[in-house]
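Structure record follows, encoded as structure tokens.
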Protein chains: 2
Amino acid sequence: MFAEERRRRILNYINEHSRASVTELTSVFHVSEATVRRDLKELEEEGLLHRTHGGALAFQSVSFEPTFSEKRVHHAEEKQRIAAKALEWIHEEDTILLDSGTTTYQLAQRISSLRSLTVVTNSYQILRELEHTESLELVSTGGVVRRSTQSLVGPIAEKTLEMIKVDKVFLGTNALDLEAGLTTPNLYEAQVKKAMVQAASQVILLCDSSKINQTSFAKVVSLSDVDVWITDEEAPDDVVQQVSDAGVEVILV
Amino acid sequence: MFAEERRRRILNYINEHSRASVTELTSVFHVSEATVRRDLKELEEEGLLHRTHGGALAFQSVSFEPTFSEKRVHHAEEKQRIAAKALEWIHEEDTILLDSGTTTYQLAQRISSLRSLTVVTNSYQILRELEHTESLELVSTGGVVRRSTQSLVGPIAEKTLEMIKVDKVFLGTNALDLEAGLTTPNLYEAQVKKAMVQAASQVILLCDSSKINQTSFAKVVSLSDVDVWITDEEAPDDVVQQVSDAGVEVILV
DNA sequence: TCATATATAATCAAAATAAATCAAATTCAA
DNA sequence: TTGAATTTGATTTATTTTGATTATATATGA
């Protein structure tokens, strides 16, 4: 194995496990402690992980959650602009469904000014955010707590979504591809998202350009199931054109 | 666990619980008092928490809130004792249902030490309390947010409860009367509580003496539907006797 | 208020971890 | 093939972390 290859693998390993000790890495990669430390130092200098005494932590690590990860939202500005634009699709008396995710969370933070709105969500992060906004009727889908995305998933969430019909769903996704459609790393999340699309008259996708031409594990829906796609201007022209041709209203902000 | 990782986790723990004592932290993280103090000092210097004699407080105003309001809880000591006693009915591998309410909330605060437990609740206050306790499988019933009791009610919550079967339900109530049984001021709450009783093999009622011989608007269930009633020693003897005669195991703490 | 219990800070030694150094092994380029 | 550059692991030295100990400070209740 090449040195550089090993460094990539170490990074992968740490991202997958959230953390790793030097000793652990020496036995996994069959190299000396000195080498592991050199690798970790390199990776830290590249800003790809966080070195600690005894090993290293991934940036997405749970231990970092409150302090670091919040500040490290990728493409935060694009997401803010997308969320701000999405607000235009929300009107008084609407019943809307908010998916879990960073962009939809930012949208949630902005809707507290609106009145007579019914908000249904499977994100307990959003629930907490809107808990005190008394002008809203707030509904939780229920379900099993999935901590990594702060969402509620599983049969309970799906059953609830079968019971309701909403005007609009604001959907997030991890990956968007012309052929694969919307995909996400977790099967349970995918199921819930699918149920959300079923429950909504209009599907509004909030997805920044960094997720374009990516595919993940579990299929949510096809692009043709989306009515409106709000993204940022970095989105490649050809993708925008093709999605547009497929009948989706594409909004660039 | 790395030192830095532990410090982040301590911060999480304190934010989650609003406060923590040094002794508490030593037993949770299995390190000496000296280490805990050093960690707290570091975190204080970073401006992430507020150090006090004996422990530390979270900064977040939301976390301060419950601490203060907790002090205004009526019969707080009795409720604490009742919650502590109720813990004896919870075992590993159990699936339990926690009703919303102050006493059940205090019970929730105590179960973070237990492992391999599945907790279902209609209280989003409890959900938030247990959100970070990774040893628990945590399930929300979903439903419409009812802010005054920080609970989820309505058909969604009821439907979810129809879908599940649990070992034990820990039920709170606003009023207890020999003839009227358990009653509560809100019809939706009553419906959900009724569904909870249906879903549970064993019904454990947590109700301090101040609620005895009171009736409220909406009927939940009869006293005979209760299996165990944990209350404080101020409970009138005659009531205890009669409830006991009705086949309920009455525990005085 | 004072006595008592409890909590903290300071100090130190042991253990764990990291950094520095250097020589051997490997790769690369002419 | 040769020699320079790079990579690696062993060794030594330095640093960090930790818990025990003890003296000091702070809270609490009679």
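Odds and ends about this structure:
- Breaking point among (1) surrounded by fewer than 14 Cβ atoms within 10 Å (Cβ to Cβ); (2) within 13 Å of chain A (Cβ to nearest Cβ), for B:ARG7: (1)
- Among the residues of the stretch B:11-34, those that are within 11 Å of DNA strand D (Cβ to nearest atom), crowded, with 16+ Cβ neighbours inside 10 Å and closer than 26 Å to A:LEU49 by Cβ comprise B:PHE29, B:VAL31.
- Of the residues in the stretch B:92-103, none is more than 14 Å from chain A (Cβ to nearest Cβ), within 16 Å of DNA strand C (Cβ to nearest atom) and at pLDDT 90 or above.
- The set of residues from the stretch A:11-26 being within 14 Å of chain B (Cβ to nearest Cβ), more than 15 Å from DNA strand C (Cβ to nearest atom) and assigned to a helix (DSSP H, G or I) comprises just one member, A:HIS17.
- The condition (being open to solvent by 10 Å² or more (accessible area, probe 1.4 Å) and hydroxyl-bearing (Ser, Thr, Tyr)) is satisfied by just one residue among B:SER135, B:SER140: B:SER135.
- Residues of the stretch B:42-58 that are within 14 Å of another protein chain (Cβ to nearest Cβ) and either in contact (Cβ under 8 Å) with a residue 40 or more places away in the chain or crowded, with 19+ Cβ neighbours inside 10 Å (or both): B:LEU43, B:LEU48, B:LEU49, B:ALA58.
- Yes/no for A:GLU77 being under 30 Å from A:SER18 (Cα atoms) and modelled with pLDDT under 85: yes
- The residues listed here are A:GLN191, A:GLN242; of these, the one that is under 22 Å from A:THR102 (Cα atoms) and surrounded by fewer than 20 Cβ atoms within 10 Å (Cβ to Cβ) is A:GLN191.
- First in the stretch A:224-243 and on the phi < 0 side of the Ramachandran plot, second anywhere and of a type in the set (Val, Ile, Thr) and assigned to a helix (DSSP H, G or I), Cβ under 6 Å, 6 or more apart: A:ASP225/A:VAL197; A:ILE230/A:ILE82
- Residue check, B:ALA180 open to solvent by less than 10 Å² (accessible area, probe 1.4 Å) and assigned by TED's automatic domain parsing to the domain that holds B:LYS219: no
- Any chance B:SER116 is without any contact (Cβ under 8 Å) to a residue 40 or more places away in the chain and open to solvent by 20 Å² or more (accessible area, probe 1.4 Å): yes
- Any pair with Cβ under 7 angstrom, 6 or more apart, that starts in the stretch B:27-41 at a residue that is modelled with pLDDT under 90 and part of a helix (DSSP H, G or I) and ends at one that is near DNA strand D (Cβ under 8 Å from one of its atoms) and basic (Lys, Arg): B:PHE29/B:ARG6
- Residues that are part of a strand (DSSP E or B) and over 21 Å from B:LYS165 (Cα atoms) within the stretch B:201-245 comprise B:ILE212, B:ALA218, B:LYS219, B:ILE230, B:THR231, listed in sequence order.
- For the stretch A:132-149, a residue qualifies if it is modelled with pLDDT under 85 and either in contact with a strand residue (DSSP E or B) (Cβ under 6 Å, 6 or more places away or on another chain) or at the interface with chain B (Cβ under 9 Å from one of its Cβ atoms) (or both), and the qualifying residues are A:HIS132, A:GLU134, A:ARG147.
- Test result for B:THR103, without any contact (Cβ under 8 Å) to a residue 60 or more places away in the chain and either among the hydroxyl-bearing types (Ser, Thr, Tyr) or out of contact with any Asp or Glu (no Cβ under 8 Å at 6 or more places or on another chain) (or both): no
- The lone criterion from (1) farther than 30 Å from A:THR160 by Cα; (2) open to solvent by 60 Å² or more (accessible area, probe 1.4 Å) left unmet by B:ALA175 is number (2).
- Test: residue in the stretch B:183-200 that is modelled with pLDDT of 95 or more and assigned to a loop (DSSP other than H, G, I, E, B): no
- Restricting B:SER201, B:SER148, B:SER224 to those that are polar (S, T, N, Q) and more than 22 Å from the chain's Cα centre (by Cα) reduces the list to B:SER224.
The values are calculated or read from the model by the stated rules, or taken from the named source; none is laboratory data. All values reported here derive from a predicted model rather than from experimental measurement. Cβ sites come from the backbone with ideal geometry, for glycine too, and all protein chains shown count toward neighbours. The protein model used for the area step is the full one, side chains on, heavy atoms only, and it has no ligands, DNA or RNA in it. Shrake-Rupley method; radii C 1.70, N 1.55, O 1.52, S 1.80 Å.
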